[in-house]
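What follows is a set of notes on a single structure, which appears directly below.
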């Protein structure tokens, strides 16, 4: 629930003053100007698994999959893996399935991910959502 501006100003004056400093610049940015109030967090369901989308391959695994046990709403520094409806139903029936999916993602060969990723200077790999969607994962669901 979003706290109304007048309540926020009264309950947390220091936070309110800080938010006021963002009005001339931050509030006019694309994302913020489409939110009401402009400083509110986006509203969406938490992704059960998130993926880093930038990496230097020399540091071991190029991308990491993280099980979102905290049910946090991830910032846009992660790719968010939301299950499609059929998988969502299976996850409700079998809560341990998410752990198996997460384990399968983390056993993907590095080459399967880097093959789909873009490569920038200095060996920086970047994986966009559609590129991650092109990676094939085999998981047996019983």
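Every number in this text was worked out from the coordinates using simple rules, so none of it is lab data. All values reported here derive from a predicted model rather than from experimental measurement. No Cβ is skipped: glycine too gets one built from the backbone with ideal geometry, and neighbour counts run over all protein chains shown.
Tabulated data
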| quantity | calculated |
| --- | --- |
| Candidates 20, 71, 41: whichever shows maximal mean-square fluctuation once the chain is modelled as a Gaussian network with Cα springs under 10 Å | 20 |
| Gaussian network model of the chain, springs between alpha carbon atoms under 10 Å - residue of 26, 50, 77 with greatest fluctuation | 26 |
| Angle between the chain longest axis and helix 97-106 axis [Cα atoms, degrees, rounded to 10] | 70 |
| The chain, relative contact order [Cα under 8 Å, separation at least 6], % | 20 |
| Separation in nanometres of the label points that stand 7 Å from Cα toward Cβ, at residue 90 and residue 131 | 2.7 |
| The stretch 36-99 - Kirkwood radius from inverse mean 1/r over Cα pairs (Å) | 13.6 |
| FRET efficiency for residue 2 and residue 100, using Cβ-Cβ distance with R0 set to 41 Å, rounded to 0.05 | 0.65 |
| Cα-based equivalent ellipsoid of the chain: semi-axis lengths in Å, sorted from largest, via gyration tensor | 35, 22, 12 |
| Over the stretch 1-42, volume per residue of the alpha carbon convex hull, in Å³ | 62 |
| Choice from 117, 74, 14 showing the highest fluctuation, given a GNM over the chain with Cα pairs closer than 10 Å | 14 |
| Over the chain: helical MRE at 222 nm, DSSP H runs n ≥ 4 each giving -39500 (n - 2.57), nearest 500 | -8500 deg cm²/dmol |
| Cα-based Rg / Dmax (Å) for the stretch 49-133 | 13.7, 45 |
